[in-house]
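Rule-based calculations on the coordinates, nothing more; no lab input. What you are looking at is a predicted structure, and each value in this text was computed from that prediction instead of being measured. FYI the Cβ positions are ideal-geometry reconstructions off the backbone, even for glycines, and counts take in every protein chain you see.
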Amino acid sequence: MEIKKMLQEEAWWILETHQLPSGAVVTRYPAGPKIVPYFAHLALYGVLAAGDYGDKVRAYLEWYVAHLERPDRFGLYGTVYDYRIAADGREIPEESYDSSDSYAATFLSLVRRYYEATGDRAWLQAHREELEAVAGAMLATEHKDGLTLARPDWPVKYLMDNCEVYRGLEDYAMLQEEVWGNDDWAGFYRRKASRVVESIRRKMWVGDGFSPLLYAAGLRLRPNWKTWYPDVLAQLFTITCGVLEPGTPRARQIYRSFLRNYPSWHLVPSPTEFTSPLAAWAAALVGDEERLSTYFREVREKVIGAGRPWPWHAAESGVLTVALRLCLQ
């Protein structure tokens, strides 16, 4: 199997069949395409991992900063709604989003990946004000423990979201330092990131894993290793987002528990039955090369070979491509 060829095929599929003339990237649901920024960010992580597509990603970044709400219906600044695509191609805001924290955090992580891939300091400098607004949206629902609610009207601190917030804070701190030379603000965001990690490790670890969610009132649920979403998938986010370093005892414990409960994750029974490529991302980080090789082959033959039927979508290809790229390093 040629990993480099697969990288290019997935990037091409994302861009040619999901990017609109406006620069937005859609998710093609069975009921029709929608712009869901969170999924667009994951898709474009993969595009950047595949090679020289900076102009395509920049077009999306321009779309996103042009659609910041000031304020949105919850009173937050710097958020972006989901959009449905009308029959005539118009992008119509749904005036809602799944999460204010994750959309913003993953956008900032995408900006860092874009900067590292292109060195385009000028774009970041030109849009500093908008990026500050996005950083504000990421932290708008922050509580005293440093963890964020998914949305102002949804009093739940999700493990997945807060892993992404940690990553977004670290990435934005790097940009503060590298692009603007602002050590004070870099330190501010790194302290925020450290607080998130501390609270995840201290407040969300329950028994043999992390609680998938913590209610604002303090209730936390024990992870159910038989429940894929959100319980099990959230455990893997701690590895992919860097909350746990892959070689640490706790990361190894998480991955062992994953294998014990999902020993056949790397097999694809049918084109519409597959384990999320995020498992492959985590597997690449911990060095599970044998299962990864099988997973890539199975996806190529049974999902890609069948035309990538739903529920495979652009974000799946993006995350798959990130995992593929890690295997080349």
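Close amide H contacts of ARG151 (hydrogens built in the peptide plane, cut-off under 5 Å, sequence separation of 5 or more or a different chain): SER100, VAL156. Report the one residue of MET174, TYR158, TYR83 whose Cα lies farthest in the direction of the positive end of the charge dipole of the chain (charges on C-beta: Lys and Arg +1, Asp and Glu -1; origin at the Cα centre). Of the candidates, TYR158 comes out farthest on the positive side. Pairs with C-alpha atoms separated by more than 25 Å, drawn from the list LYS34/LYS203; LYS56/LYS192; LYS34/LYS56, are LYS34/LYS203; LYS56/LYS192.
Taking amide hydrogens as placed 1.01 Å from N in the peptide plane, the amide H of SER211 sits under 5 Å from those of TRP205, VAL206, each at least 5 positions away in sequence or on another chain. In a DSSP loop and with at most 14 other Cβ atoms within 10 Å, the GluC sites (Glu not before Pro) in region 72-110 are GLU94, GLU95.
Each Lys and Arg contributes +1 and each Asp and Glu -1, all at the Cβ; summed about the Cα centre of the chain, the dipole is approximately 1040 debye.
Placing +1 on the Cβ of each Lys and Arg and -1 on the Cβ of each Asp and Glu in the chain, which of ALA314, GLY207, PRO230 has its Cα farthest towards the positive end of the resulting dipole? The Cα lying farthest towards the positive end belongs to GLY207.
How large is the helix-only mean residue ellipticity at 222 nm for the chain, computed as the sum of -39500 (n - 2.57) over DSSP H runs with n ≥ 4, divided by its residue count, in deg cm²/dmol to the nearest 500?
Taken over the chain, the calculation gives -17000 deg cm²/dmol.
The GluC sites (Glu not before Pro) of region 119-172 include none that DSSP puts in a loop with a beta carbon having at most 15 other beta carbons within 10 Å.
Cysteines in the chain lacking any other cysteine Cβ under 4.7 Å from their own Cβ: CYS327.
Evaluate the Kirkwood expression for the hydrodynamic radius of the chain, namely the inverse of the mean inverse distance over all pairs of different C-alpha atoms, and round to one decimal in Å.
Kirkwood radius, the chain: 20.1 Å.
Straight-line cross-link partners of LYS302 among the aspartates and glutamates, defined as a Cα under 12 Å from its Cα and at least 8 positions apart when in the same chain: GLU273.
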